[in-house]
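The values are calculated or read from the model by the stated rules, or taken from the named source; none is laboratory data. As the structure is a computational prediction, the values presented were derived from the model and not from experiment. In this analysis, Cβ positions are derived from the backbone assuming ideal geometry, glycine residues included, and neighbour counts consider all displayed protein chains.
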Number of protein chains: 2
Amino acid sequence: MNLTDLVGRPVAAIDTPALVIDLDAMQRNLERMQSFATQHGIRLRPHAKMHKSALLALRQMQAGAVGVCVQKPSEAAAMVAGGVTNVYVSNQVISLPKCELLAQLNRRLTAQNGQVSLAVDSLLGIQRIAQAMATQGAGSCMDVYVEIDVGQARCGVPPGQAALPLVQAIAQHASTSGSLRFAGLQAYHGRAQHLRSAAERRAAIAQVVMDVQRTKALIEAAGFAVPLVTGAGSGTFSHETASGVYGELQAGSYLFMDADYAANEADPQQPQFEHALFIKSQVMSRTARSTPGAADERAVVDAGHKSHAIDSGLPTTWAGHGADWVYSNGGDEHGILRGTALPELGDTVWLVPGHCDPTVNLHSHMLGVRGGLVQGSVEEIIRVDARGALT
Amino acid sequence: MNLTDLVGRPVAAIDTPALVIDLDAMQRNLERMQSFATQHGIRLRPHAKMHKSALLALRQMQAGAVGVCVQKPSEAAAMVAGGVTNVYVSNQVISLPKCELLAQLNRRLTAQNGQVSLAVDSLLGIQRIAQAMATQGAGSCMDVYVEIDVGQARCGVPPGQAALPLVQAIAQHASTSGSLRFAGLQAYHGRAQHLRSAAERRAAIAQVVMDVQRTKALIEAAGFAVPLVTGAGSGTFSHETASGVYGELQAGSYLFMDADYAANEADPQQPQFEHALFIKSQVMSRTARSTPGAADERAVVDAGHKSHAIDSGLPTTWAGHGADWVYSNGGDEHGILRGTALPELGDTVWLVPGHCDPTVNLHSHMLGVRGGLVQGSVEEIIRVDARGALT
């Protein structure tokens, strides 16, 4: 069946495995997050590396988001191709061809009152983007953020003094060619998002905020304005917001949620989000019913780690099943359910992926369902525009 | 840059991250495996779920393979679309639309002296494929294998008596409509492939062979011929071959190899294979050189678990670097290298994926390089035809 033929048909018509969005739940998540940002007077720039869909990025922007983040220039290109006019690459880029692509995209969007912006953490990175702007960005200016490492231990310079030479290098390009502008600080603590207790997350971000304040003060003391601090994720954004130092939130997972975020202790300061992303799977092998409860009793579904990412844990089964089935990994194409009252051959099993971002990356399309997973029907097919956009 | 523009260009022109095949190493692997099968008079039916490429499937068949295996009907369709005429779905299929697709493909290939065949482990599975053959397979017959569970604890009926009702059900369709044929037993012990010691792998397959022999004898005693036993993987195939019971090998990973298979103790009875699949990555963030050897010193490459699967462990770094760098997971888009004499910003780092099959699934293309990873150039672009073929 052609995918578009599914539109208007009941959920039962969806072949398995398939990536399904509960559109009602997604819409509530979208509104909750935007309401939070609006109420607190902070900009929302959702991370589109999560859904990888220009259509969903545009919906987030229509609701009030200033633009989206991505991690890769090819993701930025996919967003721009889909009509998104404000994209921030919250990551380092060293290769010159990639920098040239960003300069071209920024030049194009500048003409539409939009922009592509970029994070840096090295003098070489600044030199490369400046070189690309000189040949590909004529007449436009790129906003550049200096990334500081606030606990992720990945990219970014250490908070404090190390940021200053980068700010100065950007400022030099700003004053000579006008091709770059120092736009502020990138400060994202990824690890803090999944600290399980709300108190741990709050404490981690308190440290982050101190590091950001110290770095910001130091840059300002050197005579440079710090227009914006951008960062935060779905696990901690209320704390970055409360700090008064951050001006922009980059949360992405809130839109779909996943099993990993659901394992966090709820934080009374944050709005709660619902699972909106599911894998529809089918039982395609089943041990004999004559041995219920036997140690080896299992139901095998047709969704393995080629259907969902397992970097942040295995999927859980949808609460709507009202069952205690435990999913274990059966390889690329299989999942093995154990528990009581296991589903039978041919039955549908809904899985909640452990981690939404790389799960979406495994699919070419998401099937948007309206009216719930049981009674609902397919309302729209949402293309994963930036699927496999690795470069 | 357009991908096809890369053909003829040096390895340095490949943007990162990218999936690269060392064509020289791959060719040696291909020949070693086919020579083994030919020498031992056993059929080779490589698992195309590994490379997902019709082009590579055809090369394996040109070298002597009888056809290929896949796990999913949509993978079979991708292979057939690419010109492969003999495809075995070594997995269960319950959904009727999927069975109808298989019946259509088989009918089409039958006219070309080819076939699509299928594994079953339930009466419902037999009923569904028979139903599909009745409406979509007119005039053709499908080979059906009964899967027995020889230690994987996933699909398949237990060895022995449980296989008989399935054989009988297939035989009934064979005698009434002629739409199905009992083609033999599917017996694959996936877990045995990665038992680290050669002795453990040998012992595991010795048990498998006993289970297969017992089941085969029981079916034959009931009056049914067992034309073929098919199974085995890249970790154990010499043992299945030596058993005299298996008539067909399904090994797939031998063509590319991966870090997980490389961690196995070499088995003197098996030919050895070389790493032929690599991720080209680039250092895009680097802690300051002023603190070499500091606890936090790291080089961050632009390849994370969106570039390579991590279900069977993280990638290792290519031996050709002559370095002791250890890769740790930095998320979807980042990998973090620690060790001595770490590479510098902008340097190329070659990674060996932990598991080849799902790694290939993350890429739309593989770049075939001739002449080595350092001095070589791009010879061909190999499309991943069955990428994301989940259904």
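Table for the structure above
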{"quantity": "Failed item, numbered, when A:A309 is tested on (1) within 9 Å of chain B (Cβ to nearest Cβ); (2) within 24 Å of A:G371 (Cα to Cα)", "calculated": "(2)"}
{"quantity": "Yes/no for A:T215 being within 19 Å of A:A162 (Cα to Cα) and in contact with a helix residue (DSSP H, G or I) (Cβ under 6 Å, 6 or more places away or on another chain)", "calculated": "yes"}
{"quantity": "Check on B:S285, more than 15 Å from A:P358 (Cα to Cα), surrounded by 24 or more Cβ atoms within 10 Å (Cβ to Cβ) and of a type in the set (S, T, N, Q)", "calculated": "yes"}
{"quantity": "Residue count, segment A:115-127 (criterion: farther than 20 Å from A:A162 by Cα and not in a strand (DSSP E or B))", "calculated": "0"}
{"quantity": "Test: residue in segment B:98-107 that is in a loop (DSSP other than H, G, I, E, B), crowded, with 19+ Cβ neighbours inside 10 Å, out of contact with any Pro (no Cβ under 6 Å at 6 or more places or on another chain) and of a type in the set (A, V, I, L, M, F, W, C)", "calculated": "no"}
{"quantity": "Members of segment A:316-362 found to be within 9 Å of another protein chain (Cβ to nearest Cβ) and assigned to a strand (DSSP E or B), listed by number", "calculated": "A:N329, A:I336"}
{"quantity": "Residues of segment B:366-382 satisfying the condition of being charged (D, E, K, R) and in contact with a helix residue (DSSP H, G or I) (Cβ under 7 Å, 6 or more places away or on another chain)", "calculated": "B:R370, B:E379"}
{"quantity": "Those residues of segment B:45-76 which are within 14 Å of chain A (Cβ to nearest Cβ), under 20 Å from B:C155 (Cβ atoms) and not in a strand (DSSP E or B), in sequence order", "calculated": "B:A48, B:K49, B:M50, B:Q71, B:K72, B:P73, B:S74, B:E75, B:A76"}
{"quantity": "Segment A:326-353 residues that are on the phi > 0 side of the Ramachandran plot, paired with ones that are modelled with pLDDT of 95 or more and β-branched (V, I, T) (beta carbon under 7 Å, 6 or more apart)", "calculated": "A:G339/A:V326; A:G346/A:V283; A:G346/B:I94"}
{"quantity": "Out of B:A130, B:A138, sole residue that is more than 14 Å from chain A (Cβ to nearest Cβ), outside any loop (DSSP other than H, G, I, E, B) and of a type outside the set (S, T, Y)", "calculated": "B:A130"}
{"quantity": "B:A192 being farther than 25 Å from B:V87 by Cα and in a helix (DSSP H, G or I)", "calculated": "no"}
{"quantity": "Neighbours by Cβ (under 6 Å, 6+ apart or cross-chain): first from segment B:181-205, within 14 Å of chain A (Cβ to nearest Cβ); second of a type in the set (V, I, T) and assigned to a strand (DSSP E or B)", "calculated": "B:Q186/B:T230"}
{"quantity": "Those residues of segment B:162-200 which are among the aliphatic types (A, V, I, L, M) and farther than 29 Å from B:M133 by Cβ, in sequence order", "calculated": "B:A192, B:L195, B:A198, B:A199"}
{"quantity": "All positions within segment B:77-115 that are within 13 Å of chain A (Cβ to nearest Cβ) and either acidic (D, E) or within 22 Å of B:L249 (Cβ to Cβ) (or both)", "calculated": "B:V89, B:S90, B:N91, B:Q92, B:E100"}
{"quantity": "Among (1) at pLDDT below 95; (2) within 12 Å of chain A (Cβ to nearest Cβ); (3) under 28 Å from B:G156 (Cβ atoms), the one test that B:G233 misses", "calculated": "(1)"}
{"quantity": "Residues of segment A:278-315 satisfying the condition of being closer than 25 Å to B:I126 by Cβ, part of a loop (DSSP other than H, G, I, E, B), among the aliphatic types (A, V, I, L, M) and modelled with pLDDT of 95 or more", "calculated": "A:A303"}
{"quantity": "Single residue of segment A:158-174 satisfying the filter (in contact (Cβ under 8 Å) with a residue 24 or more places away in the chain and farther than 18 Å from A:S117 by Cβ) that is nearest to the chain's Cα centre (by Cα)", "calculated": "A:P159"}
{"quantity": "Matching residues in segment B:294-313 - criterion: being surrounded by fewer than 20 Cβ atoms within 10 Å (Cβ to Cβ) and out of contact with any helix residue (DSSP H, G or I) (no Cβ under 7 Å at 6 or more places or on another chain)", "calculated": "B:A294, B:A295, B:D296, B:E297"}
{"quantity": "Sole residue being among the β-branched types (V, I, T), out of contact with any strand residue (DSSP E or B) (no Cβ under 6 Å at 6 or more places or on another chain) and closer than 25 Å to B:A232 by Cβ, chosen from B:V150, B:V120", "calculated": "B:V150"}
{"quantity": "Residue identified as surrounded by fewer than 17 Cβ atoms within 10 Å (Cβ to Cβ), within 19 Å of the chain's Cα centre (by Cα) and not acidic (D, E) among A:Q62, A:Q39", "calculated": "A:Q62"}
{"quantity": "Segment B:151-191, residues that are modelled with pLDDT of 95 or more, among the aliphatic types (A, V, I, L, M) and farther than 15 Å from B:V209 by Cα", "calculated": "B:V157, B:A162, B:A163, B:L164, B:L166, B:V167, B:A169, B:I170, B:A171, B:L180, B:A183"}
{"quantity": "Segment A:141-180, subset polar (S, T, N, Q) and part of a loop (DSSP other than H, G, I, E, B), residue nearest to the other protein chains (Cβ to nearest Cβ)", "calculated": "A:Q152"}
{"quantity": "Out of B:D347, B:D324, B:D357, sole residue that is surrounded by fewer than 22 Cβ atoms within 10 Å (Cβ to Cβ) and over 22 Å from A:S95 (Cβ atoms)", "calculated": "B:D324"}
{"quantity": "Residue check for B:D332: of a type in the set (D, E) and within 25 Å of the chain's Cα centre (by Cα)", "calculated": "yes"}
{"quantity": "B:Q112 being assigned to a loop (DSSP other than H, G, I, E, B) and in contact with an Asp or Glu (Cβ under 6 Å, 6 or more places away or on another chain)", "calculated": "no"}
{"quantity": "Residue within segment A:260-276 that is touching a Lys or Arg at 6+ places or on another chain (Cβ under 6 Å), in a loop (DSSP other than H, G, I, E, B) and within 30 Å of B:C356 (Cβ to Cβ) present", "calculated": "no"}
{"quantity": "Any hit, segment B:363-382, residues being farther than 27 Å from A:H363 by Cα, within 12 Å of chain A (Cβ to nearest Cβ) and either within 23 Å of the chain's Cα centre (by Cα) or assigned to a strand (DSSP E or B) (or both)", "calculated": "no"}
{"quantity": "Filter result (of a type in the set (S, T, N, Q), in contact (Cβ under 8 Å) with a residue 40 or more places away in the chain and within 14 Å of another protein chain (Cβ to nearest Cβ)) within segment B:251-291", "calculated": "B:S253, B:S281, B:Q282, B:S285"}
{"quantity": "A:Q34, sole failed condition from (1) touching a Lys or Arg at 6+ places or on another chain (Cβ under 9 Å); (2) surrounded by fewer than 24 Cβ atoms within 10 Å (Cβ to Cβ); (3) more than 14 Å from A:D385 (Cβ to Cβ)", "calculated": "(1)"}
